[in-house]
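The structure under discussion appears below in the form of structure tokens.
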Amino acid sequence: MKRMFLFLATNIAVVVVLGIVASLLGVNRYLTANGLNLGALLGFAFIMGFGGAIISLLMSKPIAKMSMGVKIINQPQSADEAWIVETVRRFSDQAGIKMPEVGIYQGEANAFATGAFKNSALVAVSTGLLQGMTREEVEAVIGHEVAHVANGDMVTMALIQGVMNTFVVFLSRVIGYAVDSFLRRNDEQSSGPGIGYMITTIVLDIVFGFLAAIIVAWFSRQREFRADAGAARLMGRKQPMINALHRLGGMQPGTLPQSMQAMGITGGLGKLFSSHPPIEERVAALQNNQVQ
């Protein structure tokens, strides 16, 4: 319930802020008496598309901490916590990034990395992961998350999402205006957008949104292959990551909020919309990798 509330509250706040910005810049007035102002519409689509993605990216770390109940390890209180911090530190040094914040949260087997910048990220692992895996396997999972950070995957995914969002907003309104104009072509008294515009725009926002989600998910799956290979390079061999993936394949993965699923170690269901490839495909890709 807490995660759902934070998700809804964050999205409402983002929409309100972007709406205010678009209004102040005047780009929300793209429907004029003379027709569709494509320049203003493109500006509106850009603000709504990239604005939402960038704000979500900037808020990703604090939202992750609150929604997942992450306990940040400032001073290790146990041998396990000290080992996790040292593992993240070692991999970060190898990857050439600054030490991320390190955290633990209660939950089933999973881990994630988040943050707007690679040198101020957060890497968190679940208690279920620590309890259900060997240290070598957990080490591989941590390497996977550090590889996400080093690859700049959080920023890349935000930019891809921003591009897709912009196209969705722009195209749905252009097509909606064309449909509305066709339906009212003999109505000389009409002015402003009609029901055809509103219905078409809503429907296309949904349809194009699904298509955009498929494209974003495809990019996310390619990032997972890279992060798996990155973990193998950080450890100097691929077998620990392969073992960790096999272990995850037999465990119940913990659920992450939608905004963080792309940076976790396991994803959701539905291949086209899944942020993660099937375990068997990831294992096969690692086995074909040159890392020994």
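Sort through Ala116, Ala178, Ala158, Ala147 and tell me the only one that's in a loop (DSSP other than H, G, I, E, B), small (Gly, Ala, Ser) and touching a helix residue (DSSP H, G or I) at 6+ places or on another chain (Cβ under 9 Å).
Answer to the selection: Ala116.
Going residue by residue through region 109-124, is there one that turns out to be under 30 Å from Gly43 (Cα atoms) and among the aliphatic types (A, V, I, L, M)?
Within region 109-124, the first condition is being under 30 Å from Gly43 (Cα atoms), and the residues that meet it are 114-118.
Remaining after also requiring among the aliphatic types (A, V, I, L, M): 116.
Yes: region 109-124 contains one or more residues that are under 30 Å from Gly43 (Cα atoms) and among the aliphatic types (A, V, I, L, M).
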**Request:** Determine the pairs where a residue that is more than 28 Å from Val168 (Cα to Cα), located within region 52-71, has a partner that is among the polar types (S, T, N, Q) and assigned to a helix (DSSP H, G or I) with Cβ atoms under 9 Å apart, the partner being 6 or more residues away or on another chain.
**Result:** Ser67/Ser259
**Complete:** Out of (1) open to solvent by 30 Å² or more (accessible area, probe 1.4 Å); (2) free of Cβ contacts under 8 Å to residues at least 60 places away in the same chain; (3) outside any helix (DSSP H, G or I), the one Pro193 does not meet is (2)
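This table checks each residue for (1) of a type outside the set (Lys, Arg); (2) within 30 Å of Arg90 (Cβ to Cβ); (3) modelled with pLDDT of 90 or more; (4) open to solvent by less than 50 Å² (accessible area, probe 1.4 Å).
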residue	(1), (2), (3), (4)
Glu145	yes, yes, yes, yes
Val149	yes, yes, yes, yes
Ala158	yes, yes, yes, yes
Thr166	yes, no, yes, yes
Val169	yes, no, yes, yes
Tyr177	yes, no, yes, no
Arg185	no, no, no, no
Ile199	yes, no, yes, no
Val203	yes, no, yes, no
**Selected residue [assigned to a helix (DSSP H, G or I), open to solvent by less than 10 Å² (accessible area, probe 1.4 Å) and at negative phi] from Leu24, Leu58, Leu41** = Leu41
**Prompt:** Of the numbered conditions (1) out of contact with any helix residue (DSSP H, G or I) (no Cβ under 7 Å at 6 or more places or on another chain); (2) surrounded by fewer than 16 Cβ atoms within 10 Å (Cβ to Cβ), Gly209 satisfies every one except a single condition; which is it?
**Reply:** (1)
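Would you confirm, using the coordinates I've provided, whether Thr127 is farther than 16 Å from Met241 by Cβ, surrounded by fewer than 23 Cβ atoms within 10 Å (Cβ to Cβ) and among the hydroxyl-bearing types (Ser, Thr, Tyr)?
yes
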**Prompt:** Taking interchain pairs and intrachain pairs at least six residues apart, which have beta carbon atoms under 8 angstrom, with the first residue in region 196-223 and in contact (Cβ under 8 Å) with a residue 12 or more places away in the chain and the second aromatic (Phe, Trp, Tyr) and in a helix (DSSP H, G or I)?
**Reply:** Gly196/Phe182; Tyr197/Tyr177; Phe208/Phe167; Ala212/Phe167
**Item:** In region 93-113, residue most open to solvent (accessible area, probe 1.4 Å) [restricted to those that are under 19 Å from Ala244 (Cβ atoms) and part of a helix (DSSP H, G or I)]
**Value:** Gln94
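The values are calculated or read from the model by the stated rules, or taken from the named source; none is laboratory data. What you see is a predicted model, and the numbers here were worked out from it, not measured in a lab. Reconstructed Cβ throughout: ideal geometry from the backbone, glycine too, with neighbour counts over all protein chains shown. Surface accessibility is based on the protein's heavy atoms, side chains included, excluding ligands, DNA and RNA. Shrake-Rupley method; radii C 1.70, N 1.55, O 1.52, S 1.80 Å.
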